[in-house]
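Below: one structure, written as structure tokens.
The values are calculated or read from the model by the stated rules, or taken from the named source; none is laboratory data. All of these numbers come straight from a predicted model, not from anything done at the bench. We place every Cβ from the backbone using ideal geometry, glycine too, and count neighbours over all the protein chains shown. These accessible areas exclude ligands, DNA and RNA; they are computed on the full protein's heavy atoms, side chains included. Shrake-Rupley method; radii C 1.70, N 1.55, O 1.52, S 1.80 Å.
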Amino acid sequence: MSFRSNIRFTIVIPCYNEAKRFQSSYPRYVEFLNEHPDVGLCLVDDGSKDDTYQYIQQLAKEHPEQIDPVFLEKNGGKAEAVRAGMLHSSANHTSHYIGFLDADLATPFDECLRVEQIARERDAITFAFGSRILKVGSDIQRTKFRFLAGRFVATLISAMLRLKVYDTQCGCKIFKSELVPVLFEGPFISKWLFDVELFFRMLKHYGRAEAKSKMVEVPLKRWEDMGDSKVGMGYFFKLWVDLYRIKRRYRR
């Protein structure tokens, strides 16, 4: 059996050497798929060196109507894995909304669905994204260093975009399907800061005034830093180069 035609929402999940994580998270995937038969997952193996693809294939075997596996022979980084999955889903699925989520499920599935529901309820919205805003009633678990470093970088990015956005880097973003080929058409400059490029592409596509009315930032109720990040601490020094290159390209 193939990917179900009545899937209303597809979630792309980039996976690189996630076999160890799949050992513990596999039941969460199964439970989610059983509870939400109208949601599909496009799992992109980004040239993993471990048994990641075996886990993906097993999920696809058990849930053939909801799992669409994509295998990339060469590791190209998160940005390219997400781009490949988004374009594949746009071309091959009939979902009204397509989003992406980090493989560590730091943003839980139910929170991702809540963001999608908010987008669905507001027809003018074409881009909805989760935001790790610390507020009363939320459970956002981050180390103090990651929080402080994240706020510093986020403030800089907001100024660079000239957009009042609190969190561009949360790994939960959802788009109306017709917008996906526009925003993901070309390769990204950065493997990790491609989220910033998505915002620039939104501004370019719609124009600044209209773009603001087409996107919504949704404070997450739950988010947990799972550790074992693929982004090394050394990238904190390299990200300034990426930000400079991004600014040069999109400010032309």
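Please report, in whole Å, how far the alpha carbons of the stretch 79-235 spread along each principal axis, starting with the longest.
39, 31, 30
Rank ASP123, ASP46, ASP102 by accessible area, highest first, at a 1.4 Å probe radius?
Result of the area sort, largest leading: ASP123, ASP102, ASP46.
In square angstrom, what is the accessible area per residue of the chain with a 1.4 angstrom probe?
On the way: 12120 Å² over 252 residues.
With the other protein chains kept in place, the chain gives 48 Å² per residue.
Starting from the Cα coordinates of the stretch 53-116, work out the convex hull volume and express it per residue in Å³.
Per-residue hull volume (Cα only) is 111 Å³.
Summing Lys, Arg as +1 and Asp, Glu as -1, what charge do residues with Cβ under 11 Å from the Cβ of PHE194 carry, PHE194 excluded? The partial results should precede the final answer.
On the way: positive: LYS78, ARG83, LYS173, LYS191, ARG201; negative: GLU80, ASP195, GLU197, ASP242.
Spelling it out: positives minus negatives among the neighbours equals +1.
Whole number please: convex hull volume per residue of the Cα set in the stretch 1-55, in Å³? List each step's numbers first, then the result.
Values: hull volume 4.6 nm³, N = 55.
Dividing the Cα hull volume of the stretch 1-55 by its residues yields 84 Å³.
Quick one: net charge around LYS164, please, counting Lys, Arg +1 and Asp, Glu -1 for every other residue with C-beta under 14 Å from its C-beta.
+1
If I model the stretch 115-207 as equal point scatterers sitting on the Cα atoms and use the Debye formula, what is log10 I(q)/I(0) at q = 0.12 Å⁻¹?
So the normalised log intensities work out to -0.42.
Over 17 Å, how big is the tail of the calculated P(r) for the stretch 85-146, in percent of all Cα pairs? Each step should come with its number before you reach the end.
On the way: 1020 of 1891 pairs.
Counting pairs separated by more than 17 Å, the tail of P(r) holds 54 percent.
Taking Cα atoms, how many degrees apart are the long axis of helix 52-62 and the longest axis of the chain, rounded to 10 and kept between 0 and 90?
It works out to around 50 degrees.
What aspartates and glutamates does LYS144 reach when the alpha-carbon gap must be under 15 Å and sequence neighbours fewer than 8 apart in one chain are set aside?
GLU224, ASP225
When only Cα pairs under 8 Å and 6 or more residues apart are kept, what is the percent relative contact order across the chain?
Answer for the chain is 22 percent.
Pick out which of CYS170, CYS42, CYS15 has the largest mean-square fluctuation in a Gaussian network model of the chain, springs linking Cα atoms closer than 10 Å.
Maximum fluctuation in the GNM of the chain, among the listed residues, is at CYS170.
If you roll a 1.4 Å probe over the stretch 1-104 with all protein chains in place, what percent of the accessible area is carbon or sulfur?
For the stretch 1-104, the apolar C and S fraction of the accessible surface comes to 47 percent.
As a test of understanding, state the convex hull volume per residue of the stretch 38-147 from its alpha carbons, in Å³. The partial results should precede the final answer.
Details: hull volume 16.3 nm³, N = 110.
Considering the Cα atoms of the stretch 38-147, their hull volume per residue is 148 Å³.
Local charge sum around SER138 (other residues, Cβ-Cβ under 10 Å, Lys/Arg +1, Asp/Glu -1)?
Values: positive: ARG132, LYS135, LYS221, ARG222; negative: ASP139.
Residues close to SER138 contribute a combined charge of +3.
Per-residue accessible area for HIS36 at 1.4 Å probe radius, Å² rounded to 10?
About 50 Å², ignoring ligands and nucleic acids.
To the nearest 500 deg cm²/dmol, what mean residue ellipticity at 222 nm is calculated for the chain from DSSP H runs of n ≥ 4 alone, each contributing -39,500 (n - 2.57), summed and divided by the residues?
Computed mean residue ellipticity for the chain: -14000 deg cm²/dmol.
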